[in-house]
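Structure, as structure tokens:
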């Protein structure tokens, strides 16, 4: 791609969904005795090459996600803590080569609450991470589980950016579908988390957390009305959800942040714009976990679609600048 110009020529995206798998992370996965079921795509493990590729796409800055599908926790808290600490340290060194172009989300060993509290403090205070990365579930424990309320309370105190990326659901391997599971399961995973955070009251109790949902929130915009069924008689009550959250579901859907990764189509953006304030939508490429042609396609679509015409500057970079100061204040 060196010297080439893609459909993002002339743009200055800030990309909040950009992957990078470093050797330190891969070695920690091996130490944990875990397999990595990720597709064998590019890994973005050289900061100079990464920034050069960003130029082709019209990406001026990127907040990098250091995880693969393998995640961070494989049954042993000590191994998970080691993985998160070494990966966070490697990412801090990685982005230091281009500190005005690159930031990073630091992993935490969720569902180990004590470990997650310690690692979040270390990453945010010492490593100067731009936020926290969490997979939708680890070992079947989903974000929004009330057992982790102490962790959410600390993230709320810090006004933390928390990027939520889908993980493999444990039941996928039991399905008889032959297609690659994440094609359809990833959006459902993200939707589960959004609903779980609303139902279990984390969105109400911890309003200062900036939850960034990958892939335009999965199916959340489409099922936004359906989620109001929570307000009916609650099978887990009393108290019913309506008594716990009298304002209902709708006010919280628009409090999430959303990226555009693999969602740069008119259908997806039209649905998202109906539920999300213009201030909550940010660009995401999903590079290099999807092939170049799909990143090109969504950028070309986004430049032309009427659904984004009036807010394109916000989606391009202004909204991300509000959350990630390293990229400068928006004008």
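Values quoted throughout were computed directly from the atomic coordinates according to the rules given, and no laboratory measurement underlies them. Everything numeric in this text was worked out from a predicted model, so none of it was measured. Glycine also receives a Cβ, built like all others from the backbone with ideal geometry; neighbour counts cover every protein chain displayed.
Can you pull out the residues in segment 27-37 that are surrounded by fewer than 16 Cβ atoms within 10 Å (Cβ to Cβ) and in a helix (DSSP H, G or I)?
Correct list: 27, 30, 31.
Out of the helices (runs of 4 or more DSSP H) lying entirely within segment 38-142, which hold 1 or more residues that are touching a residue at least 60 places away in the same chain (Cβ under 8 Å), in contact with a helix residue (DSSP H, G or I) (Cβ under 8 Å, 6 or more places away or on another chain) and under 20 Å from residue 165 (Cα atoms)?
By residue number, 77-95.
Which condition breaks for residue 6 when tested against (1) buried (at least 20 other Cβ atoms within 10 Å of the Cβ); (2) in contact (Cβ under 8 Å) with a residue 60 or more places away in the chain; (3) touching a helix residue (DSSP H, G or I) at 6+ places or on another chain (Cβ under 6 Å); (4) outside any helix (DSSP H, G or I)?
(1)
Which one of 142, 206, 186, 222 is over 24 Å from residue 262 (Cβ atoms) and surrounded by 16 or more Cβ atoms within 10 Å (Cβ to Cβ)?
Step by step, each of 142, 206, 186, 222 is checked, and only 206 is over 24 Å from residue 262 (Cβ atoms) and surrounded by 16 or more Cβ atoms within 10 Å (Cβ to Cβ).
How about segment 277-298: which of its residues are in contact with a strand residue (DSSP E or B) (Cβ under 8 Å, 6 or more places away or on another chain) and either part of a helix (DSSP H, G or I) or closer than 18 Å to residue 166 by Cβ (or both)?
280, 282, 284, 285, 286, 287, 288, 289
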